[in-house]
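Q: This structure is in structure tokens; I'll ask about it shortly.
The values are calculated or read from the model by the stated rules, or taken from the named source; none is laboratory data. Predicted model only: the values in this text are computed from it and were never measured. Cβ sites come from the backbone with ideal geometry, for glycine too, and all protein chains shown count toward neighbours. Ligands, DNA and RNA are excluded from the accessible area calculation, which covers all protein heavy atoms including side chains. Shrake-Rupley method; radii C 1.70, N 1.55, O 1.52, S 1.80 Å.
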Amino acid sequence: MTIFTILGLRLLGISGITGSILFIIGDLLYSHIPGSKDNPTVRMSKLPEARLLAAGTLGLIGCWFYTLASLHLYIAFRPAGDIFAFILSVAFAAIMVCFGISHTAYFAIAAGAQAAVRLGSGAESGGRLGKAFFQRLVTITYIPVVIANLMMLYGIVAGRSLYPRWAVVFLPIIIFLIKTPVTRLLKGHLQELVTDSYDNLIVFVFFVLSTLVLWNGIVS
């Protein structure tokens with residue numbers, strides 16, 4: 001493994017970390033109000049327009065870093081073959097693009113909710129169409145999510161990647177499945193922060209651990 005490959009793993013991993021931080025900030029700007037018991041739609045109806053615009057914009061910028069970071073996986077899974085690594089990185093890049101589009105589309109819920117409140121209607125009714133669109137995008141995203149995670153699971157368990165086999169425990173799908181126990185263990189404001197940004201926190205944890213594990217490019 002050359003120094004350029006190792007450097008690529010490091011820089012591309014850092015790109016994923018950077019993108020996830022931008023998305024997490026965007027998630028919290030969208031609807032995080034400490035101590036609020038309202039649902040996200042109602043919360044967004046009360047927020048300043050500048051804050052919501054900033055939240056949506058971070059989805060575009062973060063998506064650039066996320067998509068670039070898909071090459072981190074291409075390098076990590078090259079031991080499984082170039083075609084396997086290419087398909088996996090494309091599937092992962094598709095997920096990252098979906099994250100960017102969905103995050104930006106979330107703005108429609110806020111815009112609809114605020115417009116409805118100004119007209120004397122309820123925030124929920126105003127955000128209904130935006131929420132339906134967002135949920136449709138999320139559903140479509142499950143397709144590349146399943147493909148990428150199954151390929152990653154196979155590659156790691158079969159020993160056909162740069163990861164040690166124990167790294168399977170920090171696959172994004174694994175972290176997603178333990179959301180309920182994780183959030184129940186946390187209390188107070190920390191629980192609120194994690195709950196409001198969990199989907200991108202998953203990506204943050206994955207890229208932090210992946211970058212650390214592959215920092216020296218050690219083959220399992």
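Q: Given the options THR195, THR183, THR139, name the one that is more than 23 Å from THR67 (Cβ to Cβ), within 15 Å of the chain's Cα centre (by Cα), of a type in the set (S, T, N, Q) and assigned to a helix (DSSP H, G or I).
A: Result: THR195 is the single residue among THR195, THR183, THR139 that is more than 23 Å from THR67 (Cβ to Cβ), within 15 Å of the chain's Cα centre (by Cα), of a type in the set (S, T, N, Q) and assigned to a helix (DSSP H, G or I).
Q: Within the stretch 162-178, count every residue that is open to solvent by 80 Å² or more (accessible area, probe 1.4 Å) and under 14 Å from SER210 (Cα atoms).
A: Residues flagged as open to solvent by 80 Å² or more (accessible area, probe 1.4 Å) and under 14 Å from SER210 (Cα atoms) within the stretch 162-178 amount to 3.
Q: ILE25 - would you say it is surrounded by fewer than 22 Cβ atoms within 10 Å (Cβ to Cβ), at pLDDT below 95 and not charged (D, E, K, R)?
A: The answer is no for ILE25.
Q: Tell me, yes or no, whether the stretch 65-78 has at least one residue that is farther than 25 Å from SER45 by Cα and of a type in the set (Val, Ile, Thr).
A: Looking through the stretch 65-78, at least one residue is farther than 25 Å from SER45 by Cα and of a type in the set (Val, Ile, Thr).
Q: Shifting gears a bit: Test each condition in (1) over 19 Å from GLY19 (Cα atoms); (2) at pLDDT 95 or above for ASN200 and report the one that comes out false.
A: The one condition ASN200 does not meet is (1).
Q: One residue is enough: does the stretch 143-160 have a residue meeting the conditions more than 30 Å from PRO79 (Cβ to Cβ), open to solvent by 70 Å² or more (accessible area, probe 1.4 Å), in a helix (DSSP H, G or I) and touching a residue at least 40 places away in the same chain (Cβ under 8 Å)?
A: No: zero hits.
Q: Just need a number here: residues in the stretch 79-93 that are touching a Pro at 6+ places or on another chain (Cβ under 9 Å) and open to solvent by 40 Å² or more (accessible area, probe 1.4 Å).
A: Residues in the stretch 79-93 being touching a Pro at 6+ places or on another chain (Cβ under 9 Å) and open to solvent by 40 Å² or more (accessible area, probe 1.4 Å): 1 in total.
Q: Please find, within the stretch 99-119, the residue that is nearest to the chain's Cα centre (by Cα) out of those that are open to solvent by 40 Å² or more (accessible area, probe 1.4 Å) and in contact (Cβ under 8 Å) with a residue 24 or more places away in the chain.
A: PHE99
Q: Here's something else I'd like to know. With the requirement that a residue be within 20 Å of GLY81 (Cβ to Cβ) and within 22 Å of the chain's Cα centre (by Cα), what does the stretch 153-180 give you?
A: Of everything in the stretch 153-180, those that are within 20 Å of GLY81 (Cβ to Cβ) and within 22 Å of the chain's Cα centre (by Cα) turn out to be LEU153, TYR154, GLY155, ILE156, TYR163, ALA167, VAL168, LEU171.
Q: Kindly establish whether ILE174 is touching a residue at least 12 places away in the same chain (Cβ under 8 Å) and either out of contact with any Leu (no Cβ under 7 Å at 6 or more places or on another chain) or over 28 Å from THR67 (Cβ atoms) (or both).
A: no
A quick yes/no check of all residues on (1) closer than 16 Å to ILE109 by Cβ; (2) open to solvent by less than 60 Å² (accessible area, probe 1.4 Å); (3) not small (Gly, Ala, Ser):
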residue	(1), (2), (3)
SER31	yes, yes, no
PRO34	no, no, yes
VAL42	yes, yes, yes
LEU47	yes, yes, yes
ALA50	no, no, no
GLY59	yes, yes, no
TRP64	no, no, yes
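Q: Quick one: PHE206 ticks every box in (1) closer than 21 Å to SER31 by Cβ; (2) in contact with a helix residue (DSSP H, G or I) (Cβ under 6 Å, 6 or more places away or on another chain); (3) not aliphatic (A, V, I, L, M) except a single one, so which number is it?
A: (1)
Q: Another question, if that's okay. Please enumerate the residues belonging to the stretch 179-220 that are touching a Ser or Thr at 6+ places or on another chain (Cβ under 8 Å) and open to solvent by 60 Å² or more (accessible area, probe 1.4 Å).
A: GLN191, THR195, PHE204, SER220
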